[in-house]
1. Whether any residue in region 16-31 is open to solvent by 60 Å² or more (accessible area, probe 1.4 Å) and at pLDDT 85 or above is what I want to check.
2. Which of the residues that make up region 54-66 are in a strand (DSSP E or B), out of contact with any Lys or Arg (no Cβ under 8 Å at 6 or more places or on another chain) and open to solvent by 50 Å² or more (accessible area, probe 1.4 Å)?
3. Of all residues in region 104-119, count the ones that are in a strand (DSSP E or B) and either more than 24 Å from Gly168 (Cβ to Cβ) or touching an Asp or Glu at 6+ places or on another chain (Cβ under 6 Å) (or both).
4. Please verify whether region 273-285 includes one or more residues that are in a helix (DSSP H, G or I) and farther than 26 Å from Leu8 by Cβ.
5. Take the residues in region 151-163 that are polar (S, T, N, Q) and under 13 Å from Trp97 (Cα atoms), then tell me which one is modelled with the lowest pLDDT.
6. Count, please, the residues in region 78-92 that happen to be modelled with pLDDT of 90 or more and either among the polar types (S, T, N, Q) or not in a loop (DSSP other than H, G, I, E, B) (or both).
7. Go through region 101-137 and report how many residues are open to solvent by 50 Å² or more (accessible area, probe 1.4 Å), without any contact (Cβ under 8 Å) to a residue 24 or more places away in the chain and farther than 16 Å from Leu162 by Cα.
Amino acid sequence: MAAIEIRLPVARKLVVQSLAQGSDKHLVAPGDTITTDTGYMRGHGTYMGDEKLVASVAGAVERVNKLICVKALKTRYNGEVGDIVVGRVTEVQQKRWKVETNARLDSVLLLSSMNLPGGELRRRSAEDELAMRDYLQEGDLISAEVQAVFSDGAVSLHTRSLKYGKLGQGVLVQVSPSLVKRQKTHFHDLPCGASVILGNNGFIWIYPTPEQKDEEAGGFVTNLEPVSVHDREVISRLRNCILALVAQKLMLYDTSIVYCYEASLPHQIKDILKPEVMQEIVLETRQRLLELEG
């Protein structure tokens with residue numbers, strides 16, 4: 001006879017949101033007055049009304065000198081040059097691929113903006129154009145860097161480094177781009193035996209850490225050997241930990257993910273997404289992050 005699990009209602013604990021003390025964000029809703037000082041310049045997410053600056057989206061107010069803008073809490077990805085993104089190829093066109101990157105418009109990866117297999121440096125020929133599907137085809141996942149942002153908001157990508165390219169075996173987790181913390185590097189080899197690519201566009205790729213880096217492959221040869229059970233369990237636990245952090249609105253970066261993974265070890269992988277376990281794990285993670293900030 002199968003066991004039935006019943007969860008009874010319990011009193012919710014009040015969690016003190018004390019992370020990032022002293023840097024409390026000024027949160028606004030659409031229609032809220034940000035300032036009545038006419039000396040400020042109007043940025044994204046704001047408009048002028050009756051000689052006062054008013055928010056047009058819900059989010060956090062950001063000031064850069066005299067420029068005020070509102071960064072929306074829940075939005076599609078707005079590309080910036082230098083961002084690391086994870087995307088899925090949706091279409092193969094003439095000399096370019098269309099890539100879905102969680103933005104309002106599809107991103108573009110030009111044939112001239114990528115390394116050829118083997119890292120050859122030469123002009124792209126008609127043979128390369130005919131062999132485009134051999135490099136990348138519909139449904140392939142890639143990691144890339146934003147090269148340029150067009151006037152309509154569309155993004156141009158490049159994979160001219162060996163750390164970018166086609167992704168092999170792993171798990172894709174989609175989160176809000178506002179929850180991914182901007183850092184110097186978004187490629188992390190975690191001590192638990194797996195690696196993550198934290199895309200600025202909210203696409204997170206979790207994969208087993210490769211034993212040796214393939215320098216000659218040019219980012220096209222994917223390892224299709226079976227992944228061990230231990231690696232699959234680590235990846236599954238990391239995925240559930242990331243979903244728990246997202247549900248509790250905690251910023252995602254290497255330290256918070258490692259702390260959450262360590263806090264989840266006493267629990268089974270499938271139990272991490274239970275509301276009470278999720279709250280306990282994230283609360284412990286938050287406390288450790290507070291102690292780290294000191």
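1. For region 16-31, residues open to solvent by 60 Å² or more (accessible area, probe 1.4 Å) and at pLDDT 85 or above: present.
2. Arg63, Val64
3. 1
4. no
5. Thr159
6. Count: 9.
7. 6
For (1) of a type in the set (Lys, Arg); (2) free of Cβ contacts under 8 Å to residues at least 12 places away in the same chain; (3) crowded, with 18+ Cβ neighbours inside 10 Å; (4) not in a loop (DSSP other than H, G, I, E, B), each residue gets a yes or a no:
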residue	(1), (2), (3), (4)
Ser156	no, no, yes, yes
Leu162	no, no, no, no
Gly168	no, no, no, no
Ser178	no, no, no, yes
Thr185	no, yes, no, no
Pro191	no, no, no, no
Val196	no, no, yes, yes
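The values are calculated or read from the model by the stated rules, or taken from the named source; none is laboratory data. Please read these numbers as outputs of a predicted model, since none were measured by experiment. Using ideal geometry, Cβ is built from the backbone for each residue, glycine included, and neighbour counts are taken over all protein chains shown. Note: areas computed on protein heavy atoms with side chains; ligands, DNA, RNA excluded. Shrake-Rupley method; radii C 1.70, N 1.55, O 1.52, S 1.80 Å.
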